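The values are calculated or read from the model by the stated rules, or taken from the named source; none is laboratory data. Model, not experiment: these values are computed from the prediction. We place every Cβ from the backbone using ideal geometry, glycine too, and count neighbours over all the protein chains shown. Heads up: the accessible areas ignore ligands, DNA and RNA and are worked out on the full protein's heavy atoms, side chains in. Shrake-Rupley method; radii C 1.70, N 1.55, O 1.52, S 1.80 Å.
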Amino acid sequence: MPSEPSTPTGKSAINAFLIHAAMILHRYGTPSHRLERVMTQVASSLGVEAVFLYTPTALVISITNGANEETVVRRVDSREMHVDKLFQADDVLGKLERGEITIKIAASRLREIDHSEPTYRFIPFALACATGCGVLATLFQGSLAEVLAAMVIGLVIAVIERTAERFSGEPSLLHPISGFVAAILSLGIAHFIIPIDDRLVTLAGLVVLLPGLRLTVALTELAVGHLSAGVARLAGAIVMLFTLLLGAAIAWRFALPWRDIPEKIAVTGTYWQWIALLIAPMAFAIIFQARMAQWPAIFCVSMLGILVLRSVDPFYGSEVASFSAALAVGCGSNLYARFRGRPALIVQTPAMIILVPGSFGYRSLIAMLDHETIAGIEIGFHTVMIAMCLVGGLLMSNALVPPNRIL
């Protein structure tokens, strides 16, 4: 359970509130540079001096309140970004800064936000995961059978993830088990039902678990000087890729005779890819728990990034296209933040997930596993380059269109 303010008045109430608020932002996926800046600003508005040190698994806070100094360390597991809870927490902190509510009311509202039910129940979330997997299979030019198989596997992975959250005492088993299940189901469908490219379907079925966004956030933290958080998050993303591949590799060795890829597979047409791109922003908005009121902004910013990416890529290559798309997404998100007074992360996160290179990192490890070392190194280097281009675009957008909200 999260640490909560226990003293209703006095200096200790301010300290307890700052600790609790920082843990809320940490738990729901706020990047380190944004969390430290917004909490420093909140502490300053309350008349205290505070220093926040963030890593993906720990939070160190030093608060100087008059002649007293308090330093605390909290163990917090950073989860995937929860857009709606960050939106509500930012609203509470903004009202507290402006003096519209007291610390007691703000603390009570943060507790309500932390314990509130998800914006979407499991069935809409699972269907969104399946849709996202089908979208990726379509973008990989898979056949109709491969798209449907990816959607089925995505639905199964969502069930495994929910089961692991509720009953498993070892959450680290989620990724190898998911990799194994996705690979064995793909091979089973290819052998017993219809010939498909099982590796394409496995990759598409695991899209929700691929740490592409985590990789991009880690490189952003490193670029802005938050080295401890950036290195820790980067290491976590790499280990996550390896554990996913571990489960898939065991399945490939176990059921190798099942592999039956047809020589020619009818791929989906270009118009189907555009339909998939139109659906993708809404699917990822549900996955990140964004409310329907934010869907129009998410859709517009996502499509802006996609159009820029597809327009620039044929002329200048994927690196320049990724930089330009991230720049467009960042500027669009910051404009939304300025005009609506809301966090830019609300629309930026679902829009960026379409651009992040998680699938390239997975392909790099597969090439290594198949003893294609040169190809694996090339794909891995390309993955890092694409991620850095996305980071550069986001940082440039903050310089061109500074947001009026830190989150």
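Some notes on this structure:
- Here the accessible area of the range 133-182 is 69 percent carbon and sulfur, with a 1.4 angstrom probe and all protein chains present.
- Correct option for P(r) over Cα pairs in 20 Å bins from 0, in percent [calculated from the coordinates] among [x] 26, 56, 16, 1; [y] 19, 32, 23, 16, 9, 2; [z] 24, 48, 21, 7, 0: [x]
- Taking only the Cα atoms of the range 286-384, the radius of gyration and Dmax are 16.1, 52 Å.
- Solvent-accessible ranking of 37, 214, largest area first, probe 1.4 Å: 37, 214
- Nearest 10 degrees, 0 to 90: helix 83-97 Cα axis against the chain principal axis: 20 degrees
- Amide proton proximity set for residue 49, modelled H, under 5 Å, gap of 5+: 64, 66
- Positive end of the dipole of the range 103-149 (Cβ unit charges, origin at the Cα centre): among 119, 129, 108, the Cα lying farthest that way belongs to 108.
- With a cut-off of 11 Å between beta carbons, the residues surrounding residue 31 carry a summed charge of +2, where Lys and Arg count +1 and Asp and Glu -1.
- Residue 119 accessible area, 1.4 Å probe, all protein chains in place, Å² to nearest 10: 50 Å²
- Distance (nanometres) between label positions extended 7 Å along Cα→Cβ at residue 172 and residue 108: 4.2 nm
- Candidate residues 226, 115: accessible-area rank, largest first, probe 1.4 Å: 115, 226
- Annotation for residue 384 and residue 144: the two label points, set 7 Å from Cα along the Cα-Cβ direction, are 4.4 nm apart.
- Phi to ³J(HN,Hα) by Karplus 6.51 cos²θ - 1.76 cosθ + 1.60 over the range 343-356, Hz, x for Gly, Pro: x, 5, 4, 4, 9, 5, 5, x, 6, 6, 4, 6, 9, 5
- Mean separation of Cα contacts under 8 Å (6+ apart) over length of the range 1-151, as relative contact order %: 18 percent
- Taking 7 Å steps out from each Cα toward its Cβ at residue 227 and residue 375 produces label points 3.8 nm apart.
- Net charge dipole size for the chain [Lys, Arg +1 and Asp, Glu -1 on Cβ; Debye, nearest 20]: 760 debye
- In sequence order, calculated HN-Hα J values of the range 15-22 (Karplus, 6.51, -1.76, 1.60; Hz; x Gly/Pro): 4, 4, 5, 4, 5, 5, 5, 5
- Computed from point charges on the beta carbon alone (+1 for Lys and Arg, -1 for Asp and Glu), the dipole magnitude for the range 26-143 about its Cα centre is near 180 Debye.
- Listed residues 270, 329, 385: farthest to the positive end of the dipole of the chain (Cβ charges): 329
- Most to least accessible of 389, 129 (protein chains only, probe 1.4 Å): 389, 129
- 0 to 90° range, to nearest 10: angle between helix 122-139 axis and the chain longest Cα axis: 50 degrees
- Solvent-accessible area per residue for the chain (1.4 angstrom probe, square angstrom): 45 Å²
- Those GluC sites (Glu not before Pro) in the range 50-131 that DSSP places in a loop and that have at most 13 other beta carbons within 10 Å: 100
- Each residue of the range 192-206 was assigned a 3J(HN,Hα) from its phi angle through the Karplus expression (A = 6.51, B = -1.76, C = 1.60, θ = phi - 60°), giving 9, 10, 8, x, 9, 7, 5, 6, 4, 5, 4, 4, 5, x, 9 Hz with x at Gly and Pro.
- Computed [θ] at 222 nm, deg cm²/dmol, the chain (DSSP H ≥ 4; -39,500 (n - 2.57); rounded to nearest 500): -23000 deg cm²/dmol
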